[in-house]
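To keep things clear, I will list the structure first and then write my remarks on it.
The values are calculated or read from the model by the stated rules, or taken from the named source; none is laboratory data. Here the structure is a predicted model, which means the values were calculated and not measured. Positions of Cβ are backbone-derived with ideal geometry, glycine not excepted, and every protein chain shown enters the neighbour counts. Note: areas computed on protein heavy atoms with side chains; ligands, DNA, RNA excluded. Shrake-Rupley method; radii C 1.70, N 1.55, O 1.52, S 1.80 Å.
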Amino acid sequence: MSDVFTGNFTQQESISEEAIEAAVAVLRSGRLHRYNLTEGEVGETSLLEREFAAYVGAKYCLAVASGGYAMGCALRAMGVEPGDKVLTNAFTLAPVPGAIASVGAVPVFVGVTEDLVIDLEDLKAKADQADVLMLSHMRGHICDMEALMALCDATGVRVVEDCAHTMGGAWKSTASGRWGRMACYSTQTYKHMNSGEGGLLISDDPELMARATMLSGSYMLYGRNGAVPEAEVFEAVKYDTPNVSGRMDHLRAAILRPQLRNLDHQVAAWNVRHDVILQELRGTPGLTVVERAEHEHYVGSSIQFLLLDWTEHDIHEALARCAARGVELKWFGGAEPVAFTSRYDSWRYAPSAPMPKTDRILKGIVDMRIPLTFSVEDCAFIAQIIRAEVGAVFQGQKGTV
Ligand SMILES: *Cc1c(COP(=O)(O)O)cnc(C)c1O
């Protein structure tokens, strides 16, 4: 066996034949716009909304242009106004503070724990600064949702969930996205369903959802949506809600519907791979694995570990050694953001007081995608490479002390 892994970390599975056929049927019809329907036709976009609402157990669902759009739309629907503060995770991706900034609001970053979830102590300390929390389940790590909701309910903080990495996940028996007032999902290529770009927004609150639907650009055609509140609810909001156009089209919905039917199967496939890597990495000298809570039903579409208190030089060396053996790791802690990596102090439009405890963790986070094009054997091999190279650098570190 070669000692170099040759797989491609950004290669997703191809779109299924069933989804391709559904897409071709939409193309043949010429009716790609979601409101371009024949008499009595429901349309792919509305069907996707109904099916996704049923999948997560929500009353309402709106399909939109992207996950980031869903987040901005949720904040606007909840009445967040320019200048308002919105709590959010310090450990997240750029579209999250970006969505807050898109409505003119100001992110207030909340720290991260070694388990890579929001620090509830820090949230408690900052809860009086805002009445909305954009809770990002970053990299699929779900905090103790009962404790978080108890804290937010007690302090009057309304929760919007960013489920870009938890579609298909749950805390206890309640789906991720069903804890907050609204929840946002992404169907961008690197998430759990792939339509290139796309997003979904869910809620049980009729007024919020009527506003979100108007915001998405429904004009007065909202009656054609798949999973929206009764027409009466729209009467109260339809003249006062701006159209911030961001609809999903039938083409994307057509390729997402077969993927939704297969989602639980994909989740299981991710978790087998994730768990093989986690098991292999446990006990690697110098490396801290992120263990999952008993009630956390995660989706292991990526994996993280910590190189806590390592020097920048040694982290670079470990990553370079892994890269030389074909294993692409991303360091979230770098001072300069690279590709998708980021940390709160790189968003200079949203300055934050320093958070030393959080900085220590962010500096040590290493991240790896787990595309489903990798076999379970590939995953075991990748983990062996990480174990050997990280271990070697760590041993060398100790040798020079
Ligand atoms: C990808 C992502 C988003 C935004 O989704 P897009 O569809 O790319 O706009 C939001 N939050 C997190 C954590 C993400 O990873």
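Kindly indicate which of A22, A65 is over 29 Å from S102 (Cα atoms) and open to solvent by less than 50 Å² (accessible area, probe 1.4 Å).
A22
Evaluate the following for E328: is it charged (D, E, K, R) and either touching a Phe, Trp or Tyr at 6+ places or on another chain (Cβ under 6 Å) or at pLDDT 95 or above (or both)?
yes
I'm trying to understand the selection: among the residues of the range 79-105, which are within 13 Å of the ligand (Cβ to nearest atom), open to solvent by 40 Å² or more (accessible area, probe 1.4 Å) and in a loop (DSSP other than H, G, I, E, B)?
Matches in the range 79-105: A94 only.
Got a number for residues in the range 106-125 being surrounded by fewer than 22 Cβ atoms within 10 Å (Cβ to Cβ), of a type outside the set (A, V, I, L, M) and not in a loop (DSSP other than H, G, I, E, B)?
3
Filter the range 197-224 for residues that are open to solvent by 10 Å² or more (accessible area, probe 1.4 Å) and in a loop (DSSP other than H, G, I, E, B); which is farthest from the ligand (Cβ to nearest atom)?
Across the range 197-224, the extreme among qualifying residues is M220.
Looking only at the range 341-378, which residues are part of a helix (DSSP H, G or I), farther than 16 Å from T284 by Cα and open to solvent by less than 50 Å² (accessible area, probe 1.4 Å)?
Those that are part of a helix (DSSP H, G or I), farther than 16 Å from T284 by Cα and open to solvent by less than 50 Å² (accessible area, probe 1.4 Å): Y344, S346, T358, D359, I361, L362, V376, D378.
Could you list all residues from the range 48-60 that are open to solvent by less than 10 Å² (accessible area, probe 1.4 Å) and away from the ligand (no atom under 16 Å from the Cβ)?
Hits for the range 48-60 are E49, A53.
Residues are listed down the side, and each one gets a yes or a no for (1) within 14 Å of the ligand (Cβ to nearest atom); (2) over 10 Å from the mean Cα position of the chain (by Cα); (3) without any contact (Cβ under 8 Å) to a residue 12 or more places away in the chain:
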| site | (1), (2), (3) |
| --- | --- |
| A154 | no, yes, yes |
| R158 | no, yes, no |
| E161 | yes, no, no |
| M167 | yes, no, no |
| S173 | no, yes, yes |
| W179 | no, yes, no |
| A183 | yes, yes, no |
| H192 | yes, no, no |
